[in-house]
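One structure is given below, encoded as structure tokens.
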Amino acid sequence: MANRLQGKVAVITGAVSGMGLAACELFVAEGAKVVVADVQEDKGIALERRLGDSVSFIRCDVRSEADVRAAVERAVKKFGGLDVMYHNAASTGDVATLEDMTVEGWDDTQAMLLRANMLCVKHAVPALKQRGGGSIILVSSAAPVALGGSGPYAYTVGKAGVIAMGRFAALQLGPHFIRVNTLVPGGFATSIWSGHVHGDAKLGDEISQNMNMDYFARMQPIPRAGKVSDVAETALFLASDASSFITGVTLPVDGGLTLHRKWEATAEGQLEAVRKSQASARG
Ligand SMILES: NC(=O)c1ccc[n+]([C@@H]2O[C@H](COP(=O)([O-])OP(=O)(O)OC[C@H]3O[C@@H](n4cnc5c(N)ncnc54)[C@H](O)[C@@H]3O)[C@@H](O)[C@H]2O)c1
């Protein structure tokens, strides 16, 4: 299939790596024009060269209001408007524990996870209204959805806030035909697992290319590793008119991970306990 986004203009944040990159390639293949908003300039420029006129790279730190505003303006000026805001960029932030967290670490992380979402929604809305509607796609995580929460503390709490923001915005913006849906990725082998935590994207890339894929294949009920294309295909659906009556949804793309945290270990543990009690009942 092609042309599912023909005539549409999207801003994708964090689009030079991982899920954002996969979405950018897919959106362009489906006819969209894409503003790539990311802090990694070298990769952004290379991507612009590779994908040609359908892509415009802008250096954008999503924590900065001026940068986010400029990314939306780029879409309007270069491509004539905005139909889709896919705010995907994030890093893990400060991974300190409950007791070790500093105010600075907390605030920095929430600037990335909450302020950035607020800014992307805020600046997209006027442009989307101009078009008579559109689609906003936010990205949470399995971390706050899985039972009891998992993953780093500040990240988990911030990503929980993204879900609340998606639902709030969907309610407010529905009357303007602006849909807001939130993706909940499970575990995917991308750079976020390593380098960005320490501000070293290159190291992150190297580590993500050498990750234990067996781990990623075993963490959820569906026994294969998630692919960034799994998320990109879902984002494409939410960006396209095929989902024009869908808003306020929190949508896991996780092979079933959020059905139960540590599904495999728990299920195996439960089964083992049942096996033992049945064996002892039999004598
Ligand atoms: N990989 C996973 O297992 C996983 C799981 C759940 C949720 N997520 C979420 O998916 C989204 C995409 O992550 P990914 O796994 O593709 O990681 P990734 O590290 O491959 O991509 C993240 C992108 O965001 C960009 N970025 C980081 N800080 C930025 C900033 N301040 N301003 C603009 N751009 C910035 C990076 O340069 C990079 O291109 C994130 O929101 C992440 O929290 C990932």
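Does Pro144 satisfy the criteria of being under 22 Å from Cys120 (Cβ atoms), in contact with a Lys or Arg (Cβ under 6 Å, 6 or more places away or on another chain), of a type outside the set (Asp, Glu) and assigned to a helix (DSSP H, G or I)?
It is true that Pro144 is under 22 Å from Cys120 (Cβ atoms), in contact with a Lys or Arg (Cβ under 6 Å, 6 or more places away or on another chain), of a type outside the set (Asp, Glu) and assigned to a helix (DSSP H, G or I).
Does region 16-34 hold any residues that are within 25 Å of Ser141 (Cβ to Cβ), not small (Gly, Ala, Ser) and not in a helix (DSSP H, G or I), and which are they?
Of everything in region 16-34, those that are within 25 Å of Ser141 (Cβ to Cβ), not small (Gly, Ala, Ser) and not in a helix (DSSP H, G or I) turn out to be Val16, Val34.
Just for region 162-175: of the residues that are surrounded by fewer than 17 Cβ atoms within 10 Å (Cβ to Cβ) and of a type in the set (Gly, Ala, Ser), which one is farthest from Trp193 (Cα to Cα)?
Looking at residues that are surrounded by fewer than 17 Cβ atoms within 10 Å (Cβ to Cβ) and of a type in the set (Gly, Ala, Ser), I get Gly174.
Select from region 93-124 the residues that are surrounded by 21 or more Cβ atoms within 10 Å (Cβ to Cβ) and hydroxyl-bearing (Ser, Thr, Tyr) and list them in ascending order.
Within region 93-124, Thr109 is the sole residue that qualifies.
Please specify each residue of region 40-93 satisfying the condition of being more than 9 Å from the ligand (Cβ to nearest atom) and in a loop (DSSP other than H, G, I, E, B).
Hits for region 40-93 are Gly80, Gly81, Leu82, Asp83, Gly93.
Specify the residue that is farthest from Glu233 (Cα to Cα); the eligible residues are those in region 142-193 that are modelled with pLDDT of 95 or more and within 11 Å of the ligand (Cβ to nearest atom).
Result: Gly158.
Looking at Ala10, is it assigned to a strand (DSSP E or B), small (Gly, Ala, Ser), at pLDDT 95 or above and within 16 Å of the ligand (Cβ to nearest atom)?
It is true that Ala10 is assigned to a strand (DSSP E or B), small (Gly, Ala, Ser), at pLDDT 95 or above and within 16 Å of the ligand (Cβ to nearest atom).
Being within 14 Å of the ligand (Cβ to nearest atom) and surrounded by fewer than 24 Cβ atoms within 10 Å (Cβ to Cβ) is the filter here; which residues of region 23-39 pass it?
Within region 23-39, Glu25, Leu26, Val39 meet the criteria.
List every residue pair whose Cβ atoms lie under 7 Å apart, where the two residues are 6 or more positions apart in sequence or sit on different chains, the first residue falls within region 5-18 and is without any contact (Cβ under 8 Å) to a residue 24 or more places away in the chain, and the second residue, located anywhere, is more than 6 Å from the ligand (Cβ to nearest atom).
Note: no pairs meet the criteria.
Would you mind stating whether Ser64 is more than 25 Å from Thr247 (Cβ to Cβ), buried (at least 19 other Cβ atoms within 10 Å of the Cβ), modelled with pLDDT of 95 or more and of a type outside the set (A, V, I, L, M, F, W, C)?
no
Restricting the search to region 1-22, which residues are of a type in the set (A, V, I, L, M) and surrounded by 21 or more Cβ atoms within 10 Å (Cβ to Cβ)?
Leu5, Val9, Ala10, Val11, Ile12, Ala15, Val16, Met19, Leu21, Ala22
Kindly provide the set of residues from region 122-141 that are within 13 Å of the ligand (Cβ to nearest atom) and either more than 22 Å from Asp241 (Cα to Cα) or in a helix (DSSP H, G or I) (or both), ordered by number.
Ser140, Ser141
Restricting region 100-121 to residues that are without any contact (Cβ under 8 Å) to a residue 12 or more places away in the chain and outside any loop (DSSP other than H, G, I, E, B), which is nearest to Met165 (Cα to Cα)?
Asp107
Do you know which residues across region 1-27 are more than 22 Å from Pro185 (Cα to Cα) and among the hydrophobic types (A, V, I, L, M, F, W, C)?
Met1, Ala2, Leu5, Val9
The values are calculated or read from the model by the stated rules, or taken from the named source; none is laboratory data. Nothing here was measured: the structure is a model prediction, and the numbers come from that model. Note that each Cβ is placed from the backbone with ideal geometry, even for glycine, and that neighbours are counted across all protein chains shown.
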